[in-house]
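**Student:** Submitted below is the structure of interest, expressed as structure tokens.
The values are calculated or read from the model by the stated rules, or taken from the named source; none is laboratory data. Computed from a predicted model, the values in this text were never measured in an experiment. For neighbour counting, all protein chains shown are included, and Cβ atoms are generated from backbone atoms with ideal geometry for every residue, glycine included. We work out accessible area using only protein heavy atoms, side chains counted, and drop any ligands, DNA or RNA first. Shrake-Rupley method; radii C 1.70, N 1.55, O 1.52, S 1.80 Å.
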Amino acid sequence: ITTGCGTSGSTDEYGSPWAVFKFKGRVTDPAGVPLEGMRVVYKYPDKRPDGYGNYHILPDTVYTNISGEYIIDGGNTSRLVGVIEVRAEETKEFDGKYDPDIKTIEITDSDYKGSSGAWYEGRVTKTTDFILELKETGEPE
């Protein structure tokens with residue numbers, strides 16, 4: 001007895017393609033001192049339209065640890081290809097002490113490694129470090 005939607009002798013697969021991405025790095029001051037509690041926000045275009053056919057920019061946020069490190073670990077998502085904006089900025093606890101730093105990460109198809117050739121499209125890891133400069137106060141020294 002054959003079940004499923006395929007023809008006899010074939011293997012049917014159900015699901016959707018997925019991939020894993022990881023963005024990581026450090027946030028420091030100009031002297032290389034790690035900055036704990038800094039917000040790191042990345043924005044990427046959603047490839048799926050909403051109910052009205054519109055596409056949106058999806059942000060996500062993480063915070064740096066005591067070593068100034070951050071990890072954005074995205075799994076089971078559609079493959080991200082293109083330019084991703086990543087922004088490191090202080091949180092309100094720092095009271096406007098640092099300027100934000102904005103960088104872009106480019107992801108290409110060739111960045112993905114370990115594809116199964118089926119639904120799993122691979123993994124990409126990108127490292128981006130940030131240096132947050134002190135804001136100029138405008139006061140003479």
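**Student:** What number of residues within segment 91-130 satisfy the criterion of being modelled with pLDDT of 90 or more, surrounded by fewer than 16 Cβ atoms within 10 Å (Cβ to Cβ) and among the β-branched types (V, I, T)?
**Tutor:** Selection size over segment 91-130: 3.
**Student:** Checking I84 against (1) open to solvent by 50 Å² or more (accessible area, probe 1.4 Å); (2) modelled with pLDDT under 85; (3) not aromatic (F, W, Y), only one condition comes out false. Which one?
**Tutor:** Every listed condition holds for I84 apart from (1).
**Student:** Kindly provide the set of residues from segment 60-81 that are in a loop (DSSP other than H, G, I, E, B) and modelled with pLDDT of 85 or more, ordered by number.
**Tutor:** Of everything in segment 60-81, those that are in a loop (DSSP other than H, G, I, E, B) and modelled with pLDDT of 85 or more turn out to be T64, N65, I66, S67, G68.
**Student:** Only residues in segment 19-36 that are without any contact (Cβ under 8 Å) to a residue 60 or more places away in the chain count as the first member; pair them with residues that are small (G, A, S), Cβ under 9 angstrom, at least 6 apart or cross-chain, and list the lot.
**Tutor:** Qualifying pairs under 9 Å: V33/G68; P34/S67; P34/G68; E36/S67; E36/G68.
**Student:** If I filter segment 98-114 down to residues being charged (D, E, K, R) and not in a strand (DSSP E or B), which single residue comes out as nearest to V124 (Cα to Cα)?
**Tutor:** Ranking the qualifying residues of segment 98-114, first place goes to D111.
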